[in-house]
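Contents: one structure, followed by commentary.
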Amino acid sequence: MEECYTALSFLRRFFSECSKSETELLRSDGQLQKRIGLLVQHANRAAAHLSLEDYSLDIIDLAHFAAACTVIGEIVRSFDSPDLGPDYFNKLDTASYQAAQRVFPQIAKFQMFVSWNIEQQARLYWQWGEDNGLHMLLNQIQHAIGGEPKGDA
């Protein structure tokens, strides 16, 4: 029961940090919030690529968001669907790459989580304490998957 409460508290705080308005996200101190703000801007402006405003997104913006979503998904899976197994998202990462390779045979070898045990990583974030875990998820996870921050984002 205590673990459930700790994980739920972590998730509630994560969603509170990342579900703000576009403007609040872009003014946030966290890198992930800024990246989500950029993604929201881009999604809300169908012609963003034609605009004079800068809506450029880098692959690390998307990778950071995808990695954070995967960690959040693993936290939820560990409580709601433990029968799927602790390697569920690692297997999904491998299957995704294999599917992409069938469609695009020349694709470069890239799996976001090839060197990660996602289950252990996700557990670390919520068990490490809200402040530490959130800081790692919002600002550091892109380094673990091999990405470097771009500019201010």
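Throughout, read-outs are computed from the coordinates displayed, never taken from laboratory work. Since the model is a prediction, treat every value here as computed from it, not as a measurement. With ideal geometry, Cβ positions are generated from the backbone for all residues, glycine too; neighbour counts draw on all protein chains shown.
Would the range 1-143 count as rounded, prolate or oblate if I go by the C-alpha gyration tensor, calling it rounded below 1.5 in a/c and otherwise prolate when a/b exceeds b/c, oblate otherwise? Judged from the Cα gyration tensor, the range 1-143 comes out oblate (a/c at least 1.5, b/c at or above a/b). For the chain, the membrane-span-like helix rule (DSSP H, alpha carbon extent of at least 18 Å along the helix axis, mean Kyte-Doolittle at least -0.5) picks out 2-18, 31-44, 59-80; this says nothing about an actual membrane.
Taking the Cβ of Y88 as the center, what net charge do the other residues with Cβ under 15 Å away carry, scoring Lys and Arg +1 and Asp and Glu -1? Around Y88, the charge tally is -3. Y97: net charge of surrounding residues, Cβ under 12 Å, Lys/Arg +1, Asp/Glu -1, itself excluded? Around Y97, the surrounding residues sum to +2. Count charges around A66 for me, please; just the other residues with Cβ under 15 Å from its Cβ, Lys/Arg as +1, Asp/Glu as -1. After counting each charged neighbour, the total is -3.
Using the per-residue mean of other Cβ atoms lying within 10 Å as a proxy for protection, in what order, highest first, do the peptides 66-73, 103-110, 80-87, 11-18 fall?
Working: 66-73: 18.8, 103-110: 7.9, 80-87: 11.4, 11-18: 15.5.
Top to bottom by mean Cβ count within 10 Å: 66-73, 11-18, 80-87, 103-110.
The relative contact order of the range 1-143, computed from alpha carbon pairs under 8 Å that lie at least 6 residues apart in sequence, is 29 percent.
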